Amino acid sequence: MCGVCGCGNAQKTLDGKVLDGHDHTHDHAHDHQHHHGHTDGHSHAPGLDGARMVQIEMDIMSKNDGYAAQNRVRFMESGQLALNLVSSPGSGKTSLLVRTLEDLKDEMALGVIEGDQHTANDADRIRATGVSAVQLNTGKGCHLDAHMVGHAMDELALDKSGIVFIENVGNLVCPAGFDLGEAHKVVVLSVTEGEDKPLKYPDMFAASDLMLLNKVDLLPYLDFDVNAAIANAQRINPGIRVLQVSARTGEGMEGWYTFLRSALVLADVSQGPSTPTLHAAE
Amino acid sequence: MHEMSLCEAIVQTLEEQASTHAYTKVKRVRLSVGPLSCVEPEALKFSFDACTRGTLADGASLEILQAEGSAWCFGCSETFPITGHGQPCPRCGSHLVHVTSGDEFKIKDMEVV
């Protein structure tokens, strides 16, 4: 099994189909050369058993980062804005997405890649809006990786400029470490959680460019301190932007849509006055 | 939890490098891990033993070298060491800092046969 991309891992599925292993070579037929030409094991220099040091200095995330770079080029070439939505389970990511899709689907091309350990419930909720969705199931896995997302993009087959929402597995820890090729990570924090979550789970807030503070319609019934939550997030990440929204009542959603529209303009270079090419210096 | 898949990536790298560096067995692996790398060393060690079983790194020992993290203060231009996110500048106390290193996670070297 390939640990980075999940290839050959029967637990990882794309719309119920197992993500099969493909061109990764998992050659376990190590070519042991048992010549035993030396009758005493001490003739190998420098160690007693012939051991030697090899310096490789290799980044362990490089495989995932390579897939992420490929995804990023694909998004750029298609003029697509890819957003990686991350949060704890239950923050309202899917409800937020459903409302967003309903409100924007007549205005721009949209697609959704849904990640969950099990079930296609979320993709079904998305498809009910008429927007196409692909469900990735990670099995025991706790995050999406760039290779799975590449497969999902094949399946989604969105071939024009628009927004691809990647709803990550509900988990405030692991998805922080995996670049999927997105333009921005967007972290959703709901006011029914603690305002100290950015301090408790700093990696995710450090990795995100935008924080959506969701379920603000419930604020009158809670002791949640909005200013403290924002201050905590900015203490971890001074550059993080914050929007207060309610996916249920629609409060604040227009600000989120304004962000989406402007980020899409920036992602779609073909809309600009000149079209820079990716490989200009050839 | 994702330390398991990270270990599988390590084993895969060790297998891929076997022909390049002409080895058939890995006895010791040294990793360089930064404080902001989202990796828990103890969980990594636990997973490493499970992931290496039956591979060319079966029985190999894993050493984790702590890499340094650093940040730069927007307010007073101080560069200072950090061990996590959200740490203020030790000189002026500001949280308006830019993390400049600490997310390193790589295989540094290994002892092979």
query = Tell me which lysines have Cα within less than 24 Å of B:Lys106's Cα, excluding those fewer than 8 residues away on the same chain?
reply = A:Lys63, A:Lys185, B:Lys25, B:Lys27, B:Lys45
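What's the average, rounded to a whole number, of partner chain beta-carbon atoms within 10 Å of each residue's beta-carbon in A:56-66? Don't skip to the answer; put the middle values down first.
Numbers: counts 11, 5, 9, 7, 15, 9, 4, 4, 3, 0, 0.
Rounded to a whole number, the mean comes out at 6.
Would you mind giving the mean number of other chain beta-carbons within 10 Å of the Cβ of each residue in B:102-113, as a whole number? Provide the component values of the computation, followed by the final result.
Numbers: counts 0, 5, 3, 5, 7, 7, 4, 6, 6, 6, 5, 6.
Averaged over the peptide's residues, the number is 5.
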ask   = Considering chain B, what Rg and Dmax in Å follow from its alpha-carbon atoms?
value = 17.5, 53
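Just the number please: accessible area per residue for region B:2-112, 1.4 Å probe, all protein chains included, in Å². Spell out each step's value before the answer.
On the way: 4980 Å² over 111 residues.
Result: 45 Å² of accessible area for each residue.
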request  = Give me the net charge of A:Gly250's neighbourhood, meaning all other residues with Cβ under 14 Å from the Cβ of A:Gly250; Lys, Arg count +1, Asp, Glu -1.
outcome  = -2
task = Work out the charge dipole of the protein assembly as shown with +1 on the Cβ of Lys and Arg and -1 on the Cβ of Asp and Glu about the Cα centre, then indicate which of A:Ala133, B:Ser61, A:Pro89 is farthest towards its positive end.
result = A:Pro89
query = In degrees, nearest 10, range 0 to 90: what is the angle between the Cα axis of helix B:41-52 and the longest Cα principal axis of chain B?
reply = 20 degrees
task = Return the value, in Å² to the nearest 100, of accessible area buried between chains A and B (probe 1.4 Å, both sides summed).
result = 3400 Å²
request  = Could you tell me, in Å, what Rg and Dmax come out for the Cα atoms of the protein assembly as shown?
outcome  = 23.4, 82
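The values are calculated or read from the model by the stated rules, or taken from the named source; none is laboratory data. Everything numeric in this text was worked out from a predicted model, so none of it was measured. Cβ atoms come from the backbone with ideal geometry, glycine included; neighbour counts cover every protein chain shown. Ligands, DNA and RNA are excluded from the accessible area calculation, which covers all protein heavy atoms including side chains. Shrake-Rupley method; radii C 1.70, N 1.55, O 1.52, S 1.80 Å.
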